[in-house]
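The structure appears below as C-alpha cells.
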Amino acid sequence: CKVCEAGSFSGVGEGGCTSCVGGKHLAISDEPADHDSVEDCVDCLAGQFSTERSGLCIVCEAGMHSGVSSPECFECPLGKFSNLNSADCTSCAPGSFSNTTRTPNKCRECRAGEYGTATGATSIDACSSCPAGKYSNSTGSSECVDCVLGKYNNFTGQMETSCLKCDQGFYNDEA
C-alpha cells in the first residue's frame, strides 16, 4: 500500500486517493494517518487560494483578494486596491482613485493643486482643481487650503507658491 500524494487522502480499504477540494490543501507526508480522512484537508487562509488536489496554498497577488477556503483569488473592482495576501480590497481614500480593476498596493492620487472628497473614486474626474484663493501642495489632497491673510491667487488648481502678496494699498482679509 502507498501513502496518498499531497492534496489527497484515502479511507480504509479504498482503491485510490480522493482529492482535497479547491480552497483546501494537504501537505505531503510519509505518515498514512496524515492522509486518511477528508478532515486532513486544511482550509487555506484568507488572502490565499488552492486548486483541487493541492499540497499548499498560494498567496493572492496585490490587486486580488480571497476569503477563507477559496479556490481562486478575485480582482479588486474599480475604486479599490489590495496588497499581497489580502482578504479584502480597500476603498480608495478621498484624494485618490482607481480607474482599473486589480489595482495593486495603492490608488492613484489627485495631483498637487487638486483635491478629491469621494471614497472609492473610480476616475480622475473625482479630482477637482482647487478654486481661486485656495491651494494644495501635495498629491492626494482631500481638501484645499486658503491663501493666508494678505495673500491671494486668482487661478484654480494652484499650489501655495501661487499665493501672492497683495500690492501696496490693497489687502485681503479672507482666509
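Write out the GluC sites (Glu not before Pro) in the range 11-101 meeting two conditions: DSSP loop, and at most 11 other Cβ atoms within 10 Å of their Cβ.
E14
Within the range 94-175, list the chymotrypsin sites (Phe, Trp or Tyr not before Pro) lying in a DSSP loop whose Cβ has at most 14 other Cβ atoms in a 10 Å radius.
On the way: sites: F97, Y115, Y135, Y152, F155, F170, Y171; in loops: F155, F170, Y171.
In loop regions of the range 94-175 (DSSP not H, G, I, E or B), the sparsely surrounded chymotrypsin sites (Phe, Trp or Tyr not before Pro) are F155, F170, Y171.
If you place +1 on the Cβ of every Lys and Arg and -1 on the Cβ of every Asp and Glu, how big does the dipole about the Cα centre of the chain come out, in debye to the nearest 20? Display every interim value, and only then the final one.
Working: 11 positive and 23 negative charges, 167 e Å.
In debye, rounded to 20, the chain gives about 800.
For the range 1-93, taking Cα atoms only, what is the radius of gyration to one decimal and the Dmax to the nearest whole Å?
Looking at the range 1-93, its Cα Rg and Dmax stand at 16.0, 58 Å.
Explain nothing, just the number: dipole magnitude of the range 37-87 about its Cα centre with +1 on each Lys and Arg Cβ and -1 on each Asp and Glu Cβ, in debye rounded to the nearest 20.
That gives a dipole near 200 debye.
Where q = 0.15, 0.16, 0.32 Å⁻¹, what log10 of I(q)/I(0) comes from the Debye formula for the range 3-53, counting one point per Cα?
Here log10 of I(q) over I(0) equals -0.34, -0.39, -1.24.
Which net charge results for the neighbourhood of F97, defined as the other residues with beta-carbon distances under 9 angstrom from its beta-carbon, given Lys and Arg at +1 and Asp and Glu at -1?
Charge balance near F97 sits at -1.
Tell me, what is the FRET efficiency for V59 and E14 to the nearest 0.05, using R0 = 35 angstrom and their Cβ-Cβ distance as r?
0.60
So who's got an amide H within less than 5 Å of the one on E52, skipping anything under 5 residues away but keeping other chains? H placed 1.01 Å off N, in plane.
G22
Rounded to whole Hz and in sequence order, give me ³J(HN,Hα) for the range 118-135 from the Karplus expression 6.51 cos²θ - 1.76 cosθ + 1.60, θ = phi - 60°, writing x for Gly and Pro.
Here the 3J(HN,Hα) series is 7, 8, x, 5, 10, 8, 4, 5, 6, 8, 10, 5, 4, x, 3, x, 10, 8 Hz.
Using a Förster distance of 45 angstrom, determine the FRET efficiency expected from the C-beta separation of E174 and F74, and round it to 0.05.
0.35
Local charge sum around F74 (other residues, Cβ-Cβ under 13 Å, Lys/Arg +1, Asp/Glu -1)?
So the surrounding residues net to -2.
With a 4.7 Å Cβ cut-off, tell me which Cys residues in the chain come up empty for a partner.
C1, C166 - these cysteines have no disulfide-compatible partner (Cβ-Cβ under 4.7 Å) in the chain.
Suppose the chain between L164 and S123 were pulled fully straight at 0.36 nm per residue; how much longer would it get relative to their current alpha carbon spacing?
Between L164 and S123, full extension yields an extra 11.5 nm.
Between the range 47-73 and the range 92-168, what is the C-alpha centre distance in whole Å?
One Cα centre to the other: 38 Å.
From the C-alpha gyration tensor of the chain, pull out the three semi-axes of the equivalent ellipsoid (sqrt of 5λ each), sorted largest to smallest, in whole Å.
Semi-axes, largest first: 60, 11, 9 Å.
From the C-alpha gyration tensor of the range 128-175, pull out the three semi-axes of the equivalent ellipsoid (sqrt of 5λ each), sorted largest to smallest, in whole Å. Don't jump to the answer; show the numbers that get you there.
Numbers: eigenvalues 84, 16, 13 Å².
Calculated on Cα positions only, the semi-axes equal 21, 9, 8 Å.
Every number in this text was worked out from the coordinates using simple rules, so none of it is lab data. This structure is a prediction, so every number in the text was calculated from the model and none was measured. A quick note on method: Cβ atoms are made from the backbone with ideal geometry, for glycine too, and the neighbour counts reach across all protein chains shown.
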